[in-house]
Amino acid sequence: MAEPKANERMEKIVSLCKRRGFVFQSSEIYGGINGFWDYGPLGAELKRNVKDYWWRSMTQKREDVVGLEATIIMHPKIWQASGHTSTFSDPMVDCLLTKKRFRADQIDPQSGDIHSYTGAHDTVAGKSSSETYSVLIPTGKHPEYARKVARQFYAARGVPAPELLGETIETVKETVRYNPDNGSLLTEPRPFNLMFKTFVGPVESEDNVAYLRPETAQAIFAQFKNVLDVARQKLPFGICQIGKAFRNEINPRNFTFRSREFEQMELEFFIKPDDAAAKSSLTGGPGTEPNWGWEQWHKYWVEQRVQWYESIGLSRDVLDFHWQKKEELAHYAKATVDILYKFPFGTQELEGIAARGNYDLTQHQTFSGKSMEYFDEETKTRFVPHVIEPSAGVDRLVLALICNAYTEEEITDEKGVKETRVVMKLHPRVAPVKVGIFPLLKNKPELVKKAQEVRDLLRAEMPVFYDDAGAIGRRYRRQDEAGTPFGVTIDFDTLGEKPELKDTVTLRDRDTMQQSRIAIGDLLPFLLSKIR
RNA sequence: GCGAGCGUAGCUCAGUCUGGUAGAGCAUCACCUUGCCAAGGUGAACGUCGAGGGUUCGAAUCCCUUCGCUCGCUCCA
């Protein structure tokens, strides 16, 4: 449960995101658009750092994963094969009395007597309604049951003491048009297309309907054979992709957490089926066992991913893990682990790591008629590879990093005055700006000149922010809110006022506010070691 | 999609009940001041009060519609 305090915290975070330029509402000048968000200067850097680091962790630091960048719009058959066309367009119906919503295909067929009315009026109040309405009751049940429900319906439409008009009774079998709970008529089924639809080519005809992808994963399966042919990889190996996905969420919520346009980082790690793996003696990728089955690979990837989160500042104690129970699993999944973050608005999923068997490749083999089989030279067997899928939401992760970094500290200065310091304790790896550079005083040209030299030295290698406005303490605090992990101040000692300190600067640590003296020549190696 | 609440300067909010042509604090910019942890001085800029329509001599304020945000329900592949 989100307590009021948690809600307050979230509001402060949203406010800081706007004030400092992490996140803006999309199309704000036109009143905004529900479920879409933009990243401002700091947010864009932060998100890019997250994606770059993930990409490097997958493709650069491993031998056994290669990248892919596929289009957002693909052949519509892909979504038939994946099952999205059917499961993403459930018709929904609402109860006309209670407004409760049902999936139309989940209503049990019922039989009984339908009592229909052409309207109702209340002569005393002088109100009437000509809306038609009907109620289903089991055959033989007293008609008053139906009339009671109908009176409630008309009462809710402004007829205080309704006298029912034009009652007719009809016996029906196997209807799904009535609410099983109270017999009330439901609305007409309305399609809920959770995939964004568009048309390829200038003519809007049913023949050229296409969809904006609701996930990036299917492109990996669809291109599996091509990648296999060119990448000189043997099982086990993975294909990863970062890209936009689109879902027409019924109800976007919780800031950027559930957006209609969002970005995913997905890996499909292909492995041998257990029986083929058991016969194997060749080693796979670095640090891997030759004959691991899907359970071991699944656990391996869960651990890999948790370590990755730790390396950007999300420790195990702010994460949560949910091993899905048998009955929660999608029918094709053998196991799924959700990695969750404890957001102020509740503990919510960042990443799902699913063991999907060979379901997806088999589906595409069936729908495309093209073989998805892999020939294992060692065991001389042919099979459709199985897959482990770590699938993470970039925007959710960025939001988690922002929430996790947001810190308010009570500071007591030397005069004993208390104040609050707001600091974004982002890990240096993902922080948008790595170092702030400040001349102690801006009206001393020699300080400014030296500070600009330091700025030019560093900005070739990392994002820096140069600031000479106002008091030095104020500049430090401004960078605290931006999450800049280090501050460098150029003072008169840098210029050689005390000869032994010539060409040294003050290095200030964001989290501890500790200051130390460091030679300008040592700055770059020091900073690079912290941000890589 | 339903219900409730909210929407006024970059941010936090007052003003709305009792219509009379928009305010505070912080932030921003310039100059002065500045000797390492923000809120000294002087000056400046900043809102068609979410949008549209209506009532009225006159609307931030009353009415209707709409968009957005929050919470609950629903949904969650």
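The values are calculated or read from the model by the stated rules, or taken from the named source; none is laboratory data. Note that the structure is predicted; figures quoted are calculated from it, not measured. Cβ coordinates were reconstructed from backbone atoms using ideal geometry, including for glycine residues, and neighbour counts include every protein chain displayed.
Look through A:Ser129, A:Ser134 and report the one residue that is assigned by TED's automatic domain parsing to the domain that holds A:Tyr178, touching a Gly at 6+ places or on another chain (Cβ under 6 Å) and crowded, with 17+ Cβ neighbours inside 10 Å. Explain how you work it out, then say what you get.
Working: A:Ser134 fails: touching a Gly at 6+ places or on another chain (Cβ under 6 Å).
After ruling out the rest, the residue left standing is A:Ser129.
Cβ-Cβ under 9 Å, sequence separation 6+ or interchain: first residue in segment A:154-170 and of a type in the set (Lys, Arg), partner surrounded by fewer than 16 Cβ atoms within 10 Å (Cβ to Cβ) and at pLDDT 75 or above. Which pairs?
From residues that are of a type in the set (Lys, Arg), the pairs are A:Arg157/A:Glu131.
For residues that are in a strand (DSSP E or B) and away from RNA strand B (no atom under 16 Å from the Cβ), scanning just segment A:178-209, find the one that is nearest to A:Glu261 (Cα to Cα).
A:Thr198
Give me the residue from segment A:105-115 that is surrounded by 17 or more Cβ atoms within 10 Å (Cβ to Cβ) and under 47 Å from the mean Cα position of the chain (by Cα) and, out of that set, nearest to A:Cys95 (Cα to Cα).
Per the stated criteria, the residue is A:Ile107.
I'd like to check something: does segment A:401-410 contain any residue that is of a type in the set (A, V, I, L, M, F, W, C), modelled with pLDDT under 95 and near RNA strand B (Cβ under 8 Å from one of its atoms)?
no
Restricting to segment A:486-531, name every residue that is free of Cβ contacts under 8 Å to residues at least 40 places away in the same chain and aromatic (Phe, Trp, Tyr).
A:Phe526, the sole residue that qualifies.
Scan segment A:14-59 for residues that are among the aliphatic types (A, V, I, L, M), closer than 27 Å to A:Glu266 by Cβ and near RNA strand B (Cβ under 10 Å from one of its atoms) and jot them down.
Matches in segment A:14-59: A:Ile33 only.
Any idea which of A:Asn291, A:Asn226, A:Asn251 is within 22 Å of A:Ala81 (Cα to Cα), among the polar types (S, T, N, Q) and either within 16 Å of RNA strand B (Cβ to nearest atom) or out of contact with any strand residue (DSSP E or B) (no Cβ under 6 Å at 6 or more places or on another chain) (or both)?
Working: A:Asn291 fails: within 22 Å of A:Ala81 (Cα to Cα); A:Asn251 fails: within 22 Å of A:Ala81 (Cα to Cα).
After ruling out the rest, the residue left standing is A:Asn226.
Quick check on this structure: which one of A:Gly183, A:Gly238 is small (Gly, Ala, Ser), surrounded by 18 or more Cβ atoms within 10 Å (Cβ to Cβ) and not assigned by TED's automatic domain parsing to the domain that holds A:Arg147?
Values: A:Gly183 fails: not assigned by TED's automatic domain parsing to the domain that holds A:Arg147.
A:Gly238 is the lone residue from the list that is small (Gly, Ala, Ser), surrounded by 18 or more Cβ atoms within 10 Å (Cβ to Cβ) and not assigned by TED's automatic domain parsing to the domain that holds A:Arg147.
Quick check on my filter: what residues within segment A:4-13 are among the hydrophobic types (A, V, I, L, M, F, W, C), closer than 22 Å to A:Pro432 by Cα and either within 9 Å of RNA strand B (Cβ to nearest atom) or free of Cβ contacts under 8 Å to residues at least 40 places away in the same chain (or both)?
Filtering segment A:4-13 down to residues among the hydrophobic types (A, V, I, L, M, F, W, C) leaves A:6, A:10, A:13.
Add one more test, that the residue is closer than 22 Å to A:Pro432 by Cα, and what stays is A:10, A:13.
The one that is among the hydrophobic types (A, V, I, L, M, F, W, C), closer than 22 Å to A:Pro432 by Cα and either within 9 Å of RNA strand B (Cβ to nearest atom) or free of Cβ contacts under 8 Å to residues at least 40 places away in the same chain (or both): A:Met10.
Out of A:Lys279, A:Lys244, report the one residue that is within 16 Å of RNA strand B (Cβ to nearest atom) and basic (Lys, Arg).
From the options A:Lys279, A:Lys244, the qualifying one is A:Lys244.
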